Amino acid sequence: MTPLVSIIIPVFNAENYIKATIESCLQQSYTNLEIILVNDGSSDSSEVIIESFKDHRIQYYALQNNGPCYARNFGIEKADGALYQFLDADDILGEDKLQKQVAQYLEYGENYVYSGVMGNIIENQKALETDFEFYYTHLKVASYFRAMFSNFGKYYTTGIWLVPKKLIEKTHGWDQGVLLNNDGEYFSRLILLSQGVIFCPGSIFYYRRDVPQSISKKFNSKKIYESWLYSYRCYVESFKKALDEDTARELSRKALSVYYCNSYPNYPELLAQCKADIKELGFKEPYAYGGVFFKQLSKVIGTEQALKIRTFKNSGKQLLTSLNS
């Protein structure tokens, strides 16, 4: 059995990377695939590069600029596969990425999502990621989120996953209202609809770390923080629907605390909203995300006071750096 895999790639001004991305798809050891490229209003030579490929497995669609979530939803509508691989236009699939995951899918079935090994590309040099090894095992749903939130909310990015169509159809698409962390929000819904995460050794995905992120250029800073908080509020709603009350409260607090601790002290009005959400869950303050000293300090004086001290300390370091430069 060789199920069709649909690879969906939104493309926006990716002329420097899209050729290598497409080649990594065409060079897969697993060959029963379709590659759906959705041009999201590019103004560079991305289209010329895409059209230079003549492989019959490639489908190309040119749209006006509506954002990556719209482009991915469009790709879903055009896809015919039993399995879906989402990929950004600057990322790379390891040669056996799909082969390893399809093999696990044939063993475990359509009620699971399939992960793999994270790699990075920096200045065209590939290396395996060392900060994701806590994911390198099969995980039940709640265990996946506990692992994620125990590591400062660091989650697998878009291209690591292979997802059965059955689960894709239940999500009702990517949320176009999420400007930042849209992949984290979307895959959290997918995982909550599944029976767990199946880890696939040897299935490697490479994330390009040295690409300038366009989101900060397109939206002002407050817009980014608002969207970031919105994404974590979406987590909370998803947890409420899918998990028992105690587990949902536990994970919701941790999700909101990731935003609170990582965004502090920016935009106090958004922090106040986040803290109110945490109190509504029945907790006095956010969970302490940080290093060992920060966590120990938080136990003594509370997370809020520890954050103030951390901010003051970081400001002092920045001042010294500027004076010495």
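Identify, from the list Asp131, Asp44, Asp80, Asp91, the residue that is of a type in the set (D, E, K, R) and crowded, with 21+ Cβ neighbours inside 10 Å. Of the residues listed, the single one that is of a type in the set (D, E, K, R) and crowded, with 21+ Cβ neighbours inside 10 Å is Asp91. Filtered by the rule that a residue be surrounded by fewer than 17 Cβ atoms within 10 Å (Cβ to Cβ) and on the phi > 0 side of the Ramachandran plot, segment 61-77 gives no residues.
Give me the residue from segment 144-188 that is closer than 16 Å to Lys254 by Cβ and without any contact (Cβ under 8 Å) to a residue 40 or more places away in the chain and, out of that set, surrounded by the most Cβ atoms within 10 Å (Cβ to Cβ). Among them, the one singled out is Met148. Please work out if Ile278 is farther than 23 Å from Asn120 by Cβ, at pLDDT 95 or above and buried (at least 20 other Cβ atoms within 10 Å of the Cβ). Yes: the conditions hold for Ile278. On the given criteria, is Ile35 in the same structural domain as Leu93 (by the TED database), surrounded by 14 or more Cβ atoms within 10 Å (Cβ to Cβ) and part of a helix (DSSP H, G or I)? Here the answer is no, as Ile35 does not meet what is asked.
The values are calculated or read from the model by the stated rules, or taken from the named source; none is laboratory data. Since the model is a prediction, treat every value here as computed from it, not as a measurement. Cβ: placed from backbone, ideal geometry, glycine included. Neighbour counts: every protein chain shown.
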